[in-house]
């Protein structure tokens, strides 16, 4: 924008023109035409000013006002970037001592100038022109006041504008009209003060205000409430408006639909759509687009398609944004074929897919791993003359990289430059992340350095990706270097990201590395939070280093961070796992003493620890304490108690508890059934076990592989191998594939029962699935081949590949 000082300097540099001056109205008319054609600039304004001064005759007010008004509305052009500013500067130069004698001004002139101030983003100058107008005695009208009100509102002087509207205008004999009020209403709403806008609207509706609100006045305030999230107030105002006999227009209805969609009140939004149709207001593209966009964003693609079809039935042609929104919703929910149908429909409706259309569908194909379709669509895009931009290439690279097809991703990465698309920070991040996932850290760093050489500034996410990669793959020193490098560039490491690294390392048992990152976090001035401390506590507990876990716990308390129930539970679990149940109970009691209510998980840990230690009486006491304390007792708790009773040979109590659960209709899961099947077999009740197994479908449960494992191995031990075979067949018929553990268990059970031929059948199943023999299975086979018992005749029925074991026992 040209500054006033710069434009004024142009007007100070006047020079005589060889051509005789034209009549003022002709000179201004010619200048006005050039303004409208976009060829009038500051230099032309200087010549015009010089010509008018040399002529020395009064400038016709109508011609001057027309010229200034044209400048006020002139769009930016090569000749003049800011017409309104040029108009103000021209007038100021013209009204100087030398030009004052040729000016013929009216209040309209000042109104135009005030409008120019607002358009030139100098609303603070508008009141000065209004003051000049008052001093001239030319009078004022409502339009002039409207321009003043706009200037004051744009200058954030809304209170002054309100004073002018309610007091100054009446004092000067000017009655505000609906436009005057609307300027203030819009200003209040733009400043998120719809409450004051409503007060002014109420005042406007009062008798004696001089004018009544119209649909624009109401719609302005309604939209203001909607934008502030006050949907109910906006809807109430619509009802009030209709009670006043003012019918909502298309703008009002669209504003309402948009707000209700954003508030996720889709039923109400559709009700508004139906209402507007009943009232004879025809919905437009925007009415339907709001609904389609909202349903798409919510993932309700069926609803989005329904609205889309209704839109086309009403004869409205969807714009490309509508098509794209619908495709995006379908792709998001894996409906890639339907999305392609929508894409193909675009051309049949006389429109052309844009880059975003291709982008959405390419991303859909990439997400679904449909790389042939993705490549075909990309080639179609090139054939249609649509130039792929960096976003398109990013989608292709991301698709291949996500599926581990790094070579293809790198081919696209190289190709995009030949296509004139420069990789951006997203491109580099995608490629770097792919290399990090595949532990190719040297290559990742090479690409990172190339990124910097190409002038693409790494983002925080880029550094975080590399830091995570080096931490995961053993490059802790390099990870630290990158942390300090990003800090030197003004990027502060994110504690959430470092917490994630600490947590991942701890879960992998790399607690020493996790401690290193924790110490780094502290050294760079970040304050560890409860998540960082609890991750370390969990890590040390996982590897059985309880003293160090306790030191971290104490440091956490010293730092003023109150441990939560999860941290206490982790410590209790750590002690219980290494058999230090009393220390675990001590921590549990401390938690209760601190006023922290134990969670269900915390009680489950204690119960499991006590049962593991054989302290059944204490476990049962804790269980009753848990119930009496009102702690939620779920399936996991009951399973812990049932398993604990079973482990400690309290079978009758386990059966009694199970019957109580059934009588109380307590929800159980397949783990509960598995525990009780094991109990039944241990109590020599094979029929009870078979009954439980048969009742699984009626309970709404699905057997697990462990269920089949329990049934088969125990039936074999009970001397019922044929029934075990039947269970295996039922498993396969149900679509379950046996795992290595089950097959090894079955083979061992059969070998122990001297069912050699049948064991051979299951050994073949192990071979078919490329499973390995467990050590205990191998040892049983070795014993079989080296023994001199009654089974020797049957050994030949075992698969040939195992016959080499015959010499293993003597070697």
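Data for the structure
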{"item": "Residue in region 609-626 that is exposed (fewer than 15 other Cβ atoms within 10 Å of the Cβ), at positive phi, modelled with pLDDT of 90 or more and not in a helix (DSSP H, G or I) present", "result": "yes"}
{"item": "Residues of region 637-694 classified as on the phi < 0 side of the Ramachandran plot and under 48 Å from the mean Cα position of the chain (by Cα), total", "result": "36"}
{"item": "Given (1) assigned to a loop (DSSP other than H, G, I, E, B); (2) modelled with pLDDT of 90 or more, index of the condition residue 452 fails", "result": "(1)"}
{"item": "Scope region 473-493; condition touching a helix residue (DSSP H, G or I) at 6+ places or on another chain (Cβ under 7 Å) and within 19 Å of residue 429 (Cβ to Cβ); matching residues", "result": "473, 475, 478, 479, 482, 483, 486, 491, 493"}
{"item": "Residue match in region 44-55 (condition: surrounded by fewer than 19 Cβ atoms within 10 Å (Cβ to Cβ), in a loop (DSSP other than H, G, I, E, B), touching a residue at least 12 places away in the same chain (Cβ under 8 Å) and within 58 Å of the chain's Cα centre (by Cα))", "result": "no"}
{"item": "Helices (runs of 4 or more DSSP H) enclosed by region 287-350 - at least 3 residues per element that are at pLDDT 85 or above and farther than 22 Å from residue 266 by Cα", "result": "336-348"}
{"item": "Helices (runs of 4 or more DSSP H) wholly inside region 66-162 that include at least 1 residues being over 30 Å from residue 198 (Cα atoms) and either over 48 Å from the mean Cα position of the chain (by Cα) or touching a residue at least 40 places away in the same chain (Cβ under 8 Å) (or both)", "result": "83-94, 107-119, 126-136"}
{"item": "Single unsatisfied condition, residue 458 versus (1) under 28 Å from the mean Cα position of the chain (by Cα); (2) modelled with pLDDT under 90; (3) in a loop (DSSP other than H, G, I, E, B)", "result": "(2)"}
{"item": "Number of positions in region 515-525 that are within 29 Å of the chain's Cα centre (by Cα) and modelled with pLDDT of 90 or more", "result": "1"}
{"item": "Criterion (surrounded by fewer than 16 Cβ atoms within 10 Å (Cβ to Cβ), assigned to a helix (DSSP H, G or I) and either modelled with pLDDT under 85 or under 38 Å from the mean Cα position of the chain (by Cα) (or both)) met by exactly one of 259, 197, 271", "result": "271"}
{"item": "Residues that are loosely packed, with under 12 Cβ neighbours inside 10 Å, part of a loop (DSSP other than H, G, I, E, B) and at pLDDT 75 or above, drawn from region 770-808", "result": "770, 772"}
{"item": "Extreme residue, surrounded by the fewest Cβ atoms within 10 Å (Cβ to Cβ), among residues of region 407-436 that are without any contact (Cβ under 8 Å) to a residue 24 or more places away in the chain and under 24 Å from residue 475 (Cβ atoms)", "result": "407"}
{"item": "Counted residues, region 235-252 - those being surrounded by 23 or more Cβ atoms within 10 Å (Cβ to Cβ) and farther than 14 Å from residue 214 by Cα", "result": "0"}
{"item": "Positions within region 163-194 being surrounded by 22 or more Cβ atoms within 10 Å (Cβ to Cβ) and assigned to a loop (DSSP other than H, G, I, E, B), in sequence order", "result": "176"}
{"item": "Some residue of region 443-451 being farther than 26 Å from residue 497 by Cβ, free of Cβ contacts under 8 Å to residues at least 60 places away in the same chain, surrounded by 16 or more Cβ atoms within 10 Å (Cβ to Cβ) and in contact with a helix residue (DSSP H, G or I) (Cβ under 8 Å, 6 or more places away or on another chain)", "result": "no"}
{"item": "Evaluation of residue 233 against (1) assigned to a helix (DSSP H, G or I); (2) in contact with a helix residue (DSSP H, G or I) (Cβ under 7 Å, 6 or more places away or on another chain); (3) farther than 25 Å from residue 286 by Cα (one fails), failing number", "result": "(3)"}
{"item": "Flag for residue 641 being touching a helix residue (DSSP H, G or I) at 6+ places or on another chain (Cβ under 9 Å), assigned to a helix (DSSP H, G or I), free of Cβ contacts under 8 Å to residues at least 60 places away in the same chain and more than 28 Å from residue 575 (Cα to Cα)", "result": "no"}
{"item": "Given (1) touching a helix residue (DSSP H, G or I) at 6+ places or on another chain (Cβ under 7 Å); (2) buried (at least 17 other Cβ atoms within 10 Å of the Cβ), number of the condition residue 690 does not satisfy", "result": "(1)"}
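The values are calculated or read from the model by the stated rules, or taken from the named source; none is laboratory data. In this text, all values refer to a predicted model and were calculated from it rather than measured experimentally. Note: ideal-geometry Cβ built from the backbone for every residue, glycine included; neighbour counts use all protein chains shown.
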